[in-house]
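Notes follow the structure.
The values are calculated or read from the model by the stated rules, or taken from the named source; none is laboratory data. In this text the structure is predicted, and so the values were computed from the model without any measurement. Backbone-built Cβ (ideal geometry, glycine too); neighbour counts: all protein chains shown.
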Amino acid sequence: MRVQEWSGVCLISGSLLLAQAWLAMPGRADRAPLVVTRRFAQSELQCSEAFVQACGLGTCFLLRGIENMRRIPGLGRCSLAGGNGLRCLAGTLVGVLLCSLPGLARVSAPVAGKSVVRSGSKAALTTLPVDRETWYAIRYNAQLIGFSHFTVEPPVELSGDQYYVITSASRVKLGAGENNDVQFRSRLVVNKAGYRPSLFQCQQREGHSVVRLECLFTPTLVEQKSENGPHGQSQRSVLPVHGAPYLAFNNVWGRTDTFVEQYVTLLAAWRNHGEHSMDMTVYDPVLAGTATWHFDNEGKAPLPGASPSVLCRVVGVSDVHGRPLIKAWLDAQGRLMRVDDMNGGFQYTLSNVHVEGLVAKAKVLRLYRALSDFSNVYFPNATFLRRFEAKLNVRINVTP
């Protein structure tokens, strides 16, 4: 049995022992310690349900054996009436054996939300961050302007298939002239088999203005409903598709996606296909249409700015014409560490809960200086200007 396995057994058993002791104290009916222990064992230590149950059963034997030896007073509800020294010793030995069996047998079923590939294959682990909060910092030209936060719920079964429900919230403090402070909330449902979306719901709030969006995905069509305006004007459109597309909601200027979980699911689907160069069809609610994205494995490189150095898989994403869209960095476990908007400006980096407070204190970044230029015509009394006419020459190159 390896040292790591013994450490996991000791940690889980000790935690369950303390949790049982907590429940046995007078007036303690809260099962939160047990729930937290089980979630920690499955998410952080990647232990299977059978592993935790075996440790839990072994802990009960240990607890009862120790109680009969009267070494832990106050746990009367767990005691065995009429116990003797032999029963105590037997209970303790059975507890130790049950705690050790999972590691000795090396039984470790995959945790919900994780697909394990045996050693020797190209991808060692494809995963979504199930049952934990994930935070990303959003920057524009290196200045912090927002955050993206999401949680992946454990898979639920519907009509024989399993689905993940991903809830998210993001905030972007960015404006081209006004002091824009936009907040987004969304819910995304994707199937566990291939991370394809089934339902997407989103709400955008800016001051008193609220915009709602809902997209329903099927293998043959995408139905989109939107509602905005003070009186809740709604629009509905139906787009025929060939095979259910993935989701890429470029909700900022039609150029970048502040819902980082959509990048996470796209890259997880790409990894499931073998991490080779391939095309994927995505649906963008802004355009109410589909587009083809090309994913290219660009090899491994150190994560820029990381200390200590983190070696990552670099993935380049471009459109059907070969124009770069984003560049993503994935660590050895498949976690999305960073996304760069190749059209300039936006960057998403893995962060923590403290980024929410930093964004709350940050000022709105006003882009009128970056998006404007000085006029070559001087207006001596610009405040009295009531009408302005300009002639624009526009050239558009269309590639068939």
Inset, instruction - Scan 352, 343 and give me the residue that is among the polar types (S, T, N, Q) and over 30 Å from residue 224 (Cβ atoms). - result: 352
Inset, instruction - Inspect segment 364-377 for any residue being crowded, with 16+ Cβ neighbours inside 10 Å, among the hydrophobic types (A, V, I, L, M, F, W, C) and modelled with pLDDT of 80 or more and give the result as yes or no. - result: yes
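Which of the residues belonging to segment 140-188 are under 29 Å from residue 364 (Cα atoms), among the β-branched types (Val, Ile, Thr) and either touching a residue at least 24 places away in the same chain (Cβ under 8 Å) or not in a strand (DSSP E or B) (or both)?
145, 166, 172, 182
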Legend entry - Lone unmet requirement of (1) within 21 Å of residue 139 (Cβ to Cβ); (2) among the polar types (S, T, N, Q); (3) part of a strand (DSSP E or B) for residue 292: (1)
Inset, instruction - Considering every residue within segment 307-315, establish whether at least one is crowded, with 18+ Cβ neighbours inside 10 Å, closer than 25 Å to residue 221 by Cβ and without any contact (Cβ under 8 Å) to a residue 60 or more places away in the chain. - result: no
Inset, instruction - Please state which of the following conditions residue 290 fails to meet, knowing it meets all the rest: (1) modelled with pLDDT of 95 or more; (2) within 30 Å of residue 215 (Cβ to Cβ). - result: (1)
Legend entry - Test: residue in segment 266-281 that is in a strand (DSSP E or B), crowded, with 18+ Cβ neighbours inside 10 Å and in contact with a His (Cβ under 9 Å, 6 or more places away or on another chain): no
Inset, instruction - Only one of these is small (Gly, Ala, Ser), farther than 24 Å from residue 348 by Cβ and either surrounded by 16 or more Cβ atoms within 10 Å (Cβ to Cβ) or modelled with pLDDT of 95 or more (or both): 198, 170. Name it. - result: 198
Legend entry - In segment 320-365, residue farthest from the chain's Cα centre (by Cα) [restricted to those that are polar (S, T, N, Q) and in a loop (DSSP other than H, G, I, E, B)]: 343
Inset, instruction - Scan segment 238-247 for residues that are surrounded by fewer than 24 Cβ atoms within 10 Å (Cβ to Cβ) and either hydrophobic (A, V, I, L, M, F, W, C) or within 19 Å of the chain's Cα centre (by Cα) (or both) and jot them down. - result: 238, 239, 241, 244, 246
